[in-house]
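Quick notes on the structure that follows.
We did not get these values from a lab; they are worked out from the coordinates using the rules stated. What you are looking at is a predicted structure, and each value in this text was computed from that prediction instead of being measured. Using ideal geometry, Cβ is built from the backbone for each residue, glycine included, and neighbour counts are taken over all protein chains shown.
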């Protein structure tokens, strides 16, 4: 996983199927909100020398087709893919180029506005409208909670980054102090007085060992 959060990633690498799929699955989650992931030379998915072929399982184009299914995941009535359903806003297919836009998405909901339903609709229809509105309100609450969680996570990340920078700063100061102390010791050992008193220190050390 990247330690940075880029706005744009352009894959112009080796163009083999394994490389293209591994790159997008590793790098796309690290994109900033609103970021763009672009894959060049996607036509290699149709070239045998790159491991491709029309409709061949495991090609990058077949991987993209699966992501189109994930893009519609909220409508499939089954568990969604956390990355490819919740964070892919659009997939653009061009000749030899695939572009994936990143944006947080929430489950769609039906919505009806207005207050005349009791006048113009039968009771069952009016009750259905109320249920639709309640579903909409619940979805809005879910979206607001998710947005708040994203903000809290970003705040925690920023605090952790600030703490890391402070720690690195402290380590730099300690390293500088150690280097300075090392230089001072080296300079002291190079002095005439240190060389003259070396025998005396050796005698003291021997006497201390005997005790």
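Fewest first, what order do 50, 94 take by the number of other Cβ atoms within 10 Å?
With the sparsest Cβ surroundings first, the list reads 94, 50.
Taking only the alpha-carbon positions of the chain and ignoring solvent, what does the Debye formula give for the base-10 log of I(q)/I(0) at q = 0.09, 0.15 Å⁻¹?
Scattering profile of the chain, log10 relative to I(0): -0.64, -1.07.
So what's the back-of-envelope 222 nm ellipticity for the chain, counting only DSSP H runs of four-plus at -39500 (n - 2.57) apiece and dividing by all residues, rounded to 500?
-18500 deg cm²/dmol
In the Gaussian network model of the chain, springs joining C-alpha atoms below 10 Å, which of 166, 182, 151 carries the largest mean-square fluctuation?
Greatest mean-square fluctuation among the candidates belongs to 182.
Please state the shape class of region 8-102: rounded when a/c is under 1.5, otherwise prolate if a/b exceeds b/c and oblate if not, all from the C-alpha gyration tensor.
The shape class here is oblate.
For helix 60-71, report the angle its Cα long axis makes with the longest principal axis of the Cα atoms of the chain; keep it between 0 and 90° and round to the nearest 10°.
70
Once the piece of chain linking residue 94 and residue 156 is laid out straight, how much longer is it, given 0.36 nm per residue of separation minus the C-alpha distance between them?
Extending this stretch completely gives an extra 18.4 nm.
Which ordering of 87, 43, 92 is given by a fewest-first count of other beta-carbon atoms within 10 Å?
Least crowded to most crowded, the residues run 92, 43, 87.
What FRET efficiency, computed as 1/(1 + (r/R0)^6) with R0 = 35 Å and r the Cβ-Cβ distance, is obtained for residue 182 and residue 5, rounded to the nearest 0.05?
Taking R0 as 35 Å, the efficiency between residue 182 and residue 5 is 0.35.
Ordered by packing density, taken as the mean number of other Cβ atoms within 10 Å over each peptide's residues, highest first, how do 52-65, 184-197 rank?
52-65, 184-197
Show me 12-19, 78-85, 157-164 ranked by packing, highest mean number of other Cβ atoms within 10 Å first.
My ranking of the peptides, most packed first, is 12-19, 78-85, 157-164.
Averaged across orientations, what area in nm² does the convex hull of the alpha carbons in region 44-98 project?
4.2
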